[in-house]
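Take a look at the structure below.
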Amino acid sequence: MCGIIGCVLKDDEAVPVLLECLGKLEYRGYDSVGIAISANGIKVIKDQSKIHQFAKNPDLNELSGKSGIAHVRWATHGTPIKENAHPHTDCNNRIAVVHNGIIENFKELRVELQNSGHTFTSNTDTEVIPHLIEKYLDEGQNLEEAIYSTTQKLKGAYALAIMFVDEPNKIIGIRKESPLIVGKGNGENFLTSDVSAILSHTDQVIYLDNMEMAILDGNGVTIKNLDGDSITKEIHTIEWSAEMAEKQGFDHFMLKEIHEQPNAVKQTLMEADEINNIIKKFPKFNKISFVACGTSYHASLVGKYLFETLTGVPTDVILASEFEYSASTLNENTLVILISQSGETADTLKALRIANKKSHTLVIVNVVGSTATREADDVIITRAGPEIGVAATKTYVSQLTVIYLMAILMGGNDDLLKTLENMPDYMEEALKTEDQIKEIAGKYSKKTDFFFIGRGYSYPTAIEGALKLKEITYIHAEGYAAGELKHGPLALIDDDVPVVAVIPPGISRDKTLSNMEEVKARNAHVIALGSSADETLKSESDEFIGLPNEINEMFSPLPYVIPMQLLSYYISVERGLDPDKPKNLAKCVTVE
Ligand code: F6R
């Protein structure tokens, strides 16, 4: 949801360095892109294009400087056209600003500024910021004062990187709610939305808290609080390597990340002791509420089935964007578990803040240092490594792994740990279906509607399969609890609507098989996933994807999601799309 980067270097390499870092942020937005460099004034180049096209702009060759700011945009206010691309400047091109977030009161501010003579060139919420800074500078404030005065006027969320023509080789960053991280390198310092953008330059970072200001200049980095006093902040060392954020020979990040899943689960299993330490300190909770969005919500649904089965504690699952409307029964006896890959999802953060007031909160997050990790009572990190593909894959199975570990350890079912530890091997087996799935994708890639069905533990797998298909192929897909089909959606089934049926061995197998027969009776083509020993399923389905018979229903969400992800990936490729960058979506959704 927009990515920002700023740098102050010791040589004149700001343009290539910013472009390289921007490439790593592209998953956050790819509507448009822009850069501002401090070189005898502020020079801005921006366009409605992808980064690789933008990098070929010959005007960039004319730019050279030690410091600059840059931005990839995921449009919220103002269509994705060149004029709305960042950086935005004031009336006299003295201030340049890149912004991630939303300024909620920008309309009022814009009218006020226009009435006092400011001229606007875009339709964005962001443009009020350079004009406000300009106004306060004109009133005699220095740059830092003008930035603080500006933030006092802004309502909403922002991470900002700001340049001022009179103070070249200085970049100022400030944040409220949106993420902003300082990277401290050897003679080169950075501001970034995400550490993965700067891994090839430094692994030393400072996480800015709300309303802290970072001043980057030739002398290094100074962090100040709202009173303008310099403060000392902890410097963290990032464990992710630059290589982890590269494609490493795969055509797309998504495919690489699908293949990394067995290892992501193995790494996350190593958190068992840490998880045990956390849960040992828990008081007795009489209710557990999972809260999350999208794929993380689907992981939470598996959590509901598991926690109720293994711990006996009543468990519900609430969409983060709905949480504020259903939080009235929260109390100190409820454990609220919020799941988020990024730890920056605005809906989830809002829910976390509500839950923090009344209940014990625990977040399961992949990005170390993200806002959620700094606000929750307890934190468990999923060890998936950086996930760049917009569609979540390896972070989903890592979230599931934490949920399994928690439910097993809280319920005292340690004998199930061995079964969980076998899952990476079964996931390797699931990856071997890749060639078969590529073929199936070729046959079904032109369809316009799909259904995905499953019961119990396979219901979340079905809806996750449908979500993956929607987001990266743009095919309409419905994920349904198999038993619900007859209550309405069956009316939509015909020979042109493929049905993906998730039917691992277990107590739900026979009933889902019956539901599969119901769709077959309406001429649907069925793509079934099940045990390779399930001869009935094999003979009754049009396409059969067989997985090891040893995978029982309870643990099936881990290996069974893999063929789903591969199916979406190969249909997306077959349709000539870029699965890493689905239209209208961004990896990190920092608006409500
Ligand atoms: C789907 C996907 C999204 C995210 C959702 C929540 O592939 O990636 O549905 O799961 O936006 O994001 P996080 O987990 O970062 O809170």
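Loop-located trypsin sites (Lys or Arg not before Pro) in the range 145-218 (DSSP state not H, G, I, E or B) with no more than 14 neighbouring Cβ atoms inside 10 Å: Lys155. Measuring between alpha carbons in the structure, the pairs from Lys50/Lys153; Lys135/Lys176; Lys266/Lys443; Lys287/Lys468; Lys468/Lys587; Lys56/Lys394 lying more than 25 angstrom apart are Lys50/Lys153; Lys266/Lys443; Lys287/Lys468; Lys56/Lys394.
Over the C-alpha trace of the chain, radius of gyration and Dmax come out as 25.1, 81 angstrom.
For Val317, the amide hydrogen comes within under 5 Å of the amide hydrogens of Phe290, counting only partners 5 or more places away or on other chains and with H modelled in the peptide plane.
From the Cα gyration tensor of the range 247-421, with a ≥ b ≥ c the square roots of its eigenvalues, which class applies: rounded if a/c is under 1.5, or else prolate if a/b is larger than b/c, or else oblate? Before the final figure, lay out each step's value.
Details: a/c = 1.92, a/b = 1.28, b/c = 1.50.
Oblate.
Nearest 20 debye, what's the magnitude of the dipole of the range 524-569 about its Cα centre given +1 on Lys and Arg Cβ and -1 on Asp and Glu Cβ?
Roughly 160 debye for the range 524-569.
Looking at the chain, the DSSP beta bridges with both ends there are about 60 percent antiparallel. Tilt of helix 416-431 relative to the longest C-alpha principal axis of the chain, in degrees (0 to 90, nearest 10)? Tilt relative to the chain: about 80 degrees.
State the Cα centre-to-centre distance between the range 278-313 and the range 518-592 in whole Å. The range 278-313 and the range 518-592 have Cα centres separated by 25 Å. The alpha carbons of the range 355-437 give a radius of gyration and a Dmax of 15.6, 50 Å, in that order. Across every direction, the projection of the convex hull enclosing the Cα atoms of the range 431-578 has a mean area of 7.5 nm². Amide H contacts for Phe452 (H built 1.01 Å from N in the peptide plane; partners 5 or more residues away or on another chain; cut-off under 5 Å): Glu478, Gly479, Tyr480, Val500.
Backbone phi angles across the range 390-397, fed through the Karplus curve with coefficients 6.51, -1.76 and 1.60 (θ = phi - 60°), yield HN-Hα couplings of 5, 6, 6, 10, 5, 6, 4, 5 Hz in residue order; Gly and Pro are listed as x. Computed about the Cα centre, the dipole magnitude for the chain is approximately 600 debye when only Lys and Arg (+1) and Asp and Glu (-1) carry charge, each at its Cβ.
Using alpha carbons only, the radius of gyration of the range 515-591 set against its Kirkwood radius gives Rg/Rh = 1.08.
Note on the range 1-72: Kirkwood radius taken over Cα pairs, Stokes-Einstein applied at 10 °C and 1.306 mPa s, translational D equal to 134 µm² s⁻¹. For the range 11-90 versus the range 217-233, the inter-centroid distance based on Cα atoms is 26 Å. With the charge dipole of the chain set up from +1 on Lys and Arg Cβ and -1 on Asp and Glu Cβ about the Cα centre, the Cα lying farthest toward the positive end among the listed residues Gly156, Phe54, Tyr457 is that of Gly156. The angle between the Cα long axis of helix 143-153 and the longest principal axis of the Cα atoms of the chain comes to about 50 degrees, rounded to the nearest 10.
Identify the GluC sites (Glu not before Pro) of the range 108-141 meeting these criteria: DSSP loop state and at most 11 other C-beta atoms within 10 Å of the C-beta. Walk me through the numbers before you get to the answer.
Working: sites: Glu108, Glu112, Glu127, Glu134, Glu139; in loops: Glu127, Glu139.
Those satisfying the criteria are Glu139.
Placing +1 on each Lys and Arg Cβ and -1 on each Asp and Glu Cβ, with no other charges, gives the range 247-421 a dipole about its Cα centre of roughly 180 debye.
Sorting Arg522, Arg509, Arg383 by solvent-accessible area of protein heavy atoms yields Arg522, Arg383, Arg509, largest first, with a 1.4 Å probe.
What's the whole-number percent of alpha carbon pairs in the range 329-477 lying beyond 25 angstrom?
Details: 4665 of 11026 pairs.
When all Cα pairs of the range 329-477 are counted, 42 percent exceed 25 Å.
In terms of Cα atoms, the Rg and Dmax of the range 207-299 work out to 20.3, 56 Å.
Determine, from the Cβ-Cβ distance of Asn549 and Glu518 and an R0 of 25 Å, the FRET efficiency 1/(1 + (r/R0)^6), rounded to the nearest 0.05. E between Asn549 and Glu518, to the nearest 0.05, is 0.50.
Among rounded, prolate and oblate, which fits the range 463-513 when a ≥ b ≥ c are the square roots of the eigenvalues of its C-alpha gyration tensor, a/c under 1.5 means rounded, and a/b larger than b/c means prolate? Before the final figure, lay out the partial values.
Details: a/c = 2.17, a/b = 1.35, b/c = 1.61.
Note, shape of the range 463-513 comes out oblate.
With all protein chains kept in place, the per residue accessible area of the chain amounts to 37 square angstrom at a probe of 1.4 angstrom.
Along the range 543-551 the Karplus relation, 6.51 cos²θ - 1.76 cosθ + 1.60 evaluated at θ = phi - 60°, assigns HN-Hα couplings of 10, 10, 10, x, 10, x, 5, 6, 6 Hz to successive residues, with x for each Gly and Pro. A 1.4 Å probe, protein heavy atoms only, puts the accessible area of Asp12 near 80 Å². Surface composition of the chain: carbon and sulfur atoms hold 46% of the protein heavy-atom accessible area at a 1.4 Å probe.
The values are calculated or read from the model by the stated rules, or taken from the named source; none is laboratory data. Keep in mind it's a predicted model, so treat the numbers as computed, not measured. Because the Cβ atoms are built from the backbone with ideal geometry, glycine has one as well, and the counts that use them run over all protein chains shown. Only protein heavy atoms, including side chains, enter the accessible area calculation; ligands, DNA and RNA are left aside. Shrake-Rupley method; radii C 1.70, N 1.55, O 1.52, S 1.80 Å.
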